[in-house]
1. Within the stretch A:64-84, identify whether any single residue is of a type in the set (V, I, T) and either within 30 Å of A:R150 (Cβ to Cβ) or touching a His at 6+ places or on another chain (Cβ under 6 Å) (or both), and answer yes or no.
2. Please state which one of A:A87, A:A112 is in the same structural domain as A:A53 (by TED's automatic domain parsing), more than 20 Å from A:R42 (Cβ to Cβ), among the small types (G, A, S) and surrounded by 17 or more Cβ atoms within 10 Å (Cβ to Cβ).
3. Do the conditions hold for B:S9, that is, is it under 18 Å from B:A94 (Cβ atoms), in a helix (DSSP H, G or I) and in contact with a Lys or Arg (Cβ under 8 Å, 6 or more places away or on another chain)?
4. Go through the stretch A:129-152 and count every residue that is more than 12 Å from the chain's Cα centre (by Cα), free of Cβ contacts under 8 Å to residues at least 40 places away in the same chain and more than 7 Å from chain B (Cβ to nearest Cβ).
5. Which one of the conditions (1) within 10 Å of chain B (Cβ to nearest Cβ); (2) surrounded by fewer than 17 Cβ atoms within 10 Å (Cβ to Cβ) does A:S107 fail to meet, given that it meets all the rest?
6. Taking interchain pairs and intrachain pairs at least six residues apart, which have beta carbon atoms under 9 angstrom, with the first residue in the stretch A:114-128 and more than 7 Å from chain B (Cβ to nearest Cβ) and the second in a helix (DSSP H, G or I) and of a type in the set (G, A, S)?
7. Considering only residues that are aliphatic (A, V, I, L, M) and in contact with a Phe, Trp or Tyr (Cβ under 8 Å, 6 or more places away or on another chain), look in the stretch B:74-88 and name the one that is surrounded by the fewest Cβ atoms within 10 Å (Cβ to Cβ).
8. Considering each of B:K53, B:K37 in turn, give the residue that is of a type outside the set (S, T, N, Q), in a loop (DSSP other than H, G, I, E, B) and either facing chain A (nearest Cβ under 7 Å) or crowded, with 19+ Cβ neighbours inside 10 Å (or both).
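The values are calculated or read from the model by the stated rules, or taken from the named source; none is laboratory data. From a predicted model like this one, the values you see are computed outputs, not experimental measurements. Note that each Cβ is placed from the backbone with ideal geometry, even for glycine, and that neighbours are counted across all protein chains shown.
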Amino acid sequence: MRHADRAIDHRMRAGIVILVALLAASGCTVRLISGYDEATDRAVTALQKKTEAHLVALESADGLPECTHEHHRQFYDEAKVDVSAIAVRAAAIPKNEITTEQVMLLSGSLGALEQLHRIACLSKDQIAPLRTQLNSSFTAILKLELAKRRGG
Amino acid sequence: MALKASQLSRDILVAFKGVLSDRWPDIRDYGDVEAKKLAQTLVMIEALIVSGKINEEQARLHLDIQRNATRMVLLTLEGLGILAVEEAINAALAVVRDTINTSLGFDLI
């Protein structure tokens, strides 16, 4: 058994060396994920800022007549357009499937946020976890996008 | 100087491990921080449900957002892992190129 294990290990290592040698010989650099996209970075950052401004406004309006969804429709309408634009761009970039999926999830979350607001005004108690979740969502997209700069 | 597969494979593995061990702490720390935050928000949502401050429909929507955020963090971890593997592969390719060119005495690749 130990002799067989060594033989398998030797063959695997030889296989890796041959594969890597072939790749090196072709002069290629391997790229498994798309490169950094500044437009995506900027657009996601801008949407995060807009979303935070919306949550701050809701906290200020807690318990007041201006807390209703109707008073804040503009945010939801604009956010839908913004996230759609980000999604379209992300999907157009090759090897960008992870970011594309993340943007779709963000779109879902913003949709759920609007549904919550349609049901009732959002209290400070509700806004606290929402803020954390949405910021985690934005951070997730930006963290990966910035990492795509590769050495930057 | 003849290429030795055993030495080359060792050098390649060192390149792999070097990159992955450099990248892993950052990936792990990000995952830890986000996991703690999301655990806290889950506790907050539970408190809202238990206190009756939100109904079932509202709870479902809060949990949808929670699930999406968790999924997005996991996707980022996946992406960071893939980037680390990519960097490790390219580091190994650089080792092979350097070794071959040194062995030949000129830049073939």
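1. yes
2. Among A:A87, A:A112, only A:A112 is in the same structural domain as A:A53 (by TED's automatic domain parsing), more than 20 Å from A:R42 (Cβ to Cβ), among the small types (G, A, S) and surrounded by 17 or more Cβ atoms within 10 Å (Cβ to Cβ).
3. Yes, satisfied.
4. 1
5. (2)
6. A:E114/A:A79
7. B:L77
8. B:K53
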